[in-house]
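**Student:** Handing you a structure now.
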Amino acid sequence: MDISSLPEDLKFEIRLQVALLRNAERIRDVSRNPEKFSGYIAKRKEAIAGLTGNEAEILYEGKKIYP
């Protein structure tokens, strides 16, 4: 799914959720307690799925941003 042509507010929300997910994954990777991030990461994935209708791959301006 290429989100480039979606309305600005929806496009922003999808990109925001992807950015929050990526940030949490990076922090989890260096955390002493990575399990603390599991719930937060799951919520971000649920939010992305809800916004995109469970699309497996998200593109923005031709670049893959998720997964």
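**Student:** In straight Cα distance, which lysines are under 27 Å from Lys11, not counting same-chain residues fewer than 8 positions off?
**Tutor:** Cross-link targets: Lys43, Lys45, Lys63, Lys64.
**Student:** Dipole size in debye (nearest 20) for the chain around its Cα centre, Lys and Arg Cβ +1, Asp and Glu Cβ -1? Display every interim value, and only then the final one.
**Tutor:** Numbers: 12 positive and 11 negative charges, 85 e Å.
Dipole size: approximately 400 debye.
**Student:** Name the longest site-free stretch of the chain, where the excluded sites are GluC sites (Glu not before Pro) in a DSSP loop with no more than 11 other beta-carbon atoms within 10 Å.
**Tutor:** 1-56
**Student:** Between Arg32 and Lys11, what length in nm is gained on full extension when 0.36 nm per residue of separation is reduced by their alpha carbon distance?
**Tutor:** Once the chain is fully extended between Arg32 and Lys11, it gains 4.2 nm.
**Student:** Please give the length that would be gained between Asn23 and Glu55 if that part of the chain were fully extended, namely 0.36 nm times their separation in residues minus their C-alpha to C-alpha distance (nm, one decimal).
**Tutor:** Gain in length upon complete extension: 9.5 nm.
**Student:** For helix 8-30, report the angle its Cα long axis makes with the longest principal axis of the Cα atoms of the chain; keep it between 0 and 90° and round to the nearest 10°.
**Tutor:** 20 degrees
**Student:** Right, another one. With the other protein chains left in place, how much accessible area per residue, in square angstrom, belongs to the chain at a 1.4 angstrom probe?
**Tutor:** 69 Å²
**Student:** Quick one: grab Rg to one decimal and Dmax as a whole number for the chain, Cα atoms only, in Å.
**Tutor:** Computed over the Cα atoms of the chain, radius of gyration and Dmax are 12.6, 40 Å.
The values are calculated or read from the model by the stated rules, or taken from the named source; none is laboratory data. Keep in mind the model is a prediction, meaning the values are calculated, not measured. Heads up, the Cβs are rebuilt from the backbone with ideal geometry, glycines too, and the neighbour counts pull from every protein chain shown. Accessible surface is based on the protein model in full, side chains and every heavy atom, while ligands, DNA and RNA are left aside. Shrake-Rupley method; radii C 1.70, N 1.55, O 1.52, S 1.80 Å.
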